[in-house]
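The next block holds one structure in the form of structure tokens; read it before the comments.
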Amino acid sequence: MTEPRVAGRLIALGLCSLLFARGAALAGTFPAATEAHIDEIEALVRSAQFLSRATFGPTKDEIAELAARVVEVGDKKAFGEWIDDQFSMPPTYHHPLAKQMILDDGYADFLEQGVTRAGRYRHYPWWNAALTAPDQLRQRMAWALSQIFVINQSPAGFGNRRNDASGEPQYLGIVDYYDMLIESSFGNYRDLLEDVTLHPIMGVFLSHVRNPKGDPATGQFPDENYAREVEQLLSIGLYELKISGEIKTNSSGEPIDAYDNNDIRNFARVFTGLNYAGGRSFERTGINYHDPMVMFEDYHDTGAKRLHRGAVLPPGQPGMKDISDALDNLFHHSNVAPFISRLLIQRFVKSNPTKSYIKSVARAFEGGERGNFRAVLRAILLHKEAMKSLKYRHLKKPWRLKIKTRGTEASRMQEPVLRYTAFLRAFDPVSNHPTGRILIPDMYGFLHQEVFRAPHVFNFYLPNHRAAGPVQSYVPSTKIPNGTLYTPEFEIFDSVTANRIANRFRSDVIDAAADFRGLDANGVVFDYEILLDFSEEEALTANPAALMRHLDLLLCQGTMNDKARAKVTKIVASETDNPTARARGAILSLLTSPDCAIHE
């Protein structure tokens, strides 16, 4: 399809961040017929905003259904009910879905000679679940956890197409690891920490599989990789923290380290003797990427080990007892609650949670059943900073709803994967693949982000990344821990990635479909599409202002400022001869605008 003129003009407009620069005073206005109508519009905006955090992107029907309940019982109760419904849903696992996809594609077995381009079956189930699974909150939580308990597909053995000792394909081992995150998403942090520690994929990634005890006589020492990262990244962080997330300082005003090299050495001795399950001996154990690692006692360091807060593991304990006690020692460290709480708030709501927000979520982590992710998720999604991140004013003469953002501190840039899933889910994606499934391959080239593709153990971006240069109109706030403004997602946002995702949006919107290429069991290449439905938007083109309000709600959660919306509306209205061009140009303009990339 030839690109409509309006789309080309709106691409340029949408990418002009200076024109659409956001600030604390920006606002959008929605006209209403009555005061009751204002309540309905506000309910729609609140619901769209909530669902943009708790799912991989709200659909029109989901927004309408939740908004109707908000009008009936209020937002907090309605959102709480929605969360409870999600908690009750059975999990959608990826590993069995991957195997079914392989069979449905005509492969009789999973052996090396049976599957070509096997790596795609690690990505297909993830995208299918993100876009279609009903247990959206669980899937979003697993995605968030995967950016804390990071692994990637880089180790050479992870792509092997042979079956491992478990009888499952080696290349699906990392999918099994992800299913562990799905299983634990509504569980307990302590259980997840142990499952991660014993999973062979993490054992390979952070090199504590086949990690023997040291031998001072030969100068051999245990591998310290996992011992360091389980402290730095998976539990307590670099510095001692207050429950509010503030860094504790010594008498000289310098941060107090949460651990030192002696701690790393002692924890390294804990994680010795682990090897793949199913082997006859430590040296003769075959690869098994699916079953938890097991202990070979002869290779475990049985000496006493000093841990945090003066705890000592006594000599002579079995290896698994040492590991369990050491993980308990980390689990009960005072840093864990604020450290993990802040990371999860960043993934769901905002990049710079206040001290009060972190403290509230950390208290939920510590209260009742310590480490209960259900309590943590409720505290994150229903906290007042999440519920009141926008300001609403009901105005009359004429009736209208005016929405104001609260500015830089209340926002986060939507990560590329979530921008893309939200776009697809908004327009009722349907696959014309022979199986009818949503099969999307590795999208790293377009998004610079993809499941199993974090470039290192620190994730795609650091939680403490700071964009270069000053932030206009920002005044440092004492409400934020440590007085620093962080912009994690901007670490992977540059001119290249901005253009790539914009071009991807352009292609999909202009074609009303996302195009992909597959390979059948006979090695024949064929094309298939994820078809998108823009019919409702095309029907609204006769009223460009109404179209823009509709898209603002669907794609920007009602936060597009009036000035930007007016400029786009004017360009859309000027295209009188082509409703399709109007609708698709308007969609594209919002997708590439900062108002939709930055979430409040």
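The values are calculated or read from the model by the stated rules, or taken from the named source; none is laboratory data. Since the structure is predicted, the reported quantities are computational estimates derived from the model, not experimental observations. So basically every Cβ, Gly included, is an ideal-geometry build from the backbone, and we count neighbours across all protein chains shown. Just so you know, the surface numbers come from the protein's heavy atoms only, side chains and all, with ligands and any DNA or RNA stripped out. Shrake-Rupley method; radii C 1.70, N 1.55, O 1.52, S 1.80 Å.
Around the Cα centre of the chain, unit charges on the Cβ atoms of Lys, Arg, Asp and Glu (plus for the first two, minus for the last two) sum to a dipole of about 2320 debye. Remark: for residue pairs Lys388/Lys563; Lys76/Lys359; Lys76/Lys402; Lys350/Lys391; Lys384/Lys563, the C-alpha separation exceeds 25 Å in Lys384/Lys563. For segment 81-203, the solvent-accessible area of protein heavy atoms averages 30 Å² per residue (probe radius 1.4 Å; ligands and nucleic acids excluded).
Give, as a single signed number, the net charge of other residues whose beta carbon lies under 15 Å from the beta carbon of Glu369, with Lys and Arg counted +1 and Asp and Glu -1. Intermediate results must be reported in sequence, preceding the final value.
On the way: positive: Arg190, Arg363, Arg370, Arg374, Arg378; negative: Asp191, Asp328, Glu366.
My count for the surroundings of Glu369 gives +2.
What is the Cα radius of gyration of segment 332-393 over 2.2 N^0.38 Å, N being its residue count? Display every interim value, and only then the final one.
Details: Rg = 11.5 Å, N = 62, 2.2 N^0.38 = 10.6 Å.
Segment 332-393 yields a ratio of 1.09.
Once backbone amide H atoms are built at 1.01 Å from N, Asn163 has Glu112, Gln170 as its partners under 5 Å, excluding neighbours fewer than 5 places away on the same chain.
How much accessible area per residue does segment 364-462 have, in Å², with a 1.4 Å probe?
Here the per-residue accessible area is 38 Å².
Comparing the chain with the 2.2 N^0.38 Å rule of thumb, its C-alpha radius of gyration ratio is 1.02 (two decimals). Computed over the alpha carbons of segment 65-190, Rg followed by Dmax gives 17.6, 58 Å.
Here segment 32-109 and segment 143-195 have alpha carbon centers that stand 26 Å from each other. Select from segment 263-340 those trypsin sites (Lys or Arg not before Pro) which occupy a DSSP coil region and have at most 12 other Cβ atoms within 10 Å, ordered by residue number. Listed in order of number, the matching sites are Arg280, Arg284. Only Cα sites of segment 244-332 enter the Debye sum here, all with the same form factor; the resulting log10 I(q)/I(0) across q = 0.13, 0.23 1/Å is -0.55, -1.10, listed in q order.
In units of 2.2 N^0.38 Å, what is the alpha-carbon radius of gyration of segment 423-551? Write out the running numbers ahead of the final one.
Values: Rg = 19.9 Å, N = 129, 2.2 N^0.38 = 13.9 Å.
Normalised by 2.2 N^0.38 Å, the Cα Rg of segment 423-551 equals 1.43.
Approximating the spin labels as points 7 Å out from Cα along Cα→Cβ, the Glu536-to-Asn250 distance works out to 6.0 nm. If a spin label sat at a point 7 angstrom from the Cα of Asn543 along the line to its beta carbon, no backbone N atom of segment 572-591 would be nearer than 13 Å. Of the residues Thr132, Ala379, Ala513, the one whose Cα sits farthest toward the positive end of the charge dipole of the chain, with +1 on the Cβ of Lys and Arg and -1 on the Cβ of Asp and Glu, is Ala379.
Projecting the Cα atoms of Ile247, Leu307, Val525 onto the charge dipole of the chain, computed from C-beta unit charges around the Cα centre, puts Ile247 farthest toward the positive end.
For segment 179-245, trypsin sites (Lys or Arg not before Pro) meeting the loop criterion (DSSP other than H, G, I, E, B) and having at most 10 other Cβ atoms within 10 Å: none.
Between segment 309-387 and segment 482-536, the C-alpha centres lie 34 angstrom from each other. Counting protein heavy atoms only, the chain has 51 percent of its accessible area on carbon and sulfur, 1.4 angstrom probe.
Using the Kirkwood radius over C-alpha pairs as Rh, can you work out the diffusion coefficient of segment 518-586 via Stokes-Einstein at 4 °C, viscosity 1.567 mPa s, in µm² per second?
Working: Rh = 13.8 Å.
Rounded, D is 94 µm²/s.
Projected label points at Lys76 and Ala573, each 7 Å from Cα along the beta carbon direction, are separated by 4.2 nanometres. A Förster radius of 22 Å combined with the Cβ-Cβ distance from Ala468 to Asn499 puts the calculated FRET efficiency at roughly 0.70.
Surface calculation, 1.4 Å probe, protein heavy atoms: Leu390 sits at approximately 10 Å² accessible.
Surface calculation, 1.4 Å probe, protein heavy atoms: Asp164 sits at approximately 10 Å² accessible.
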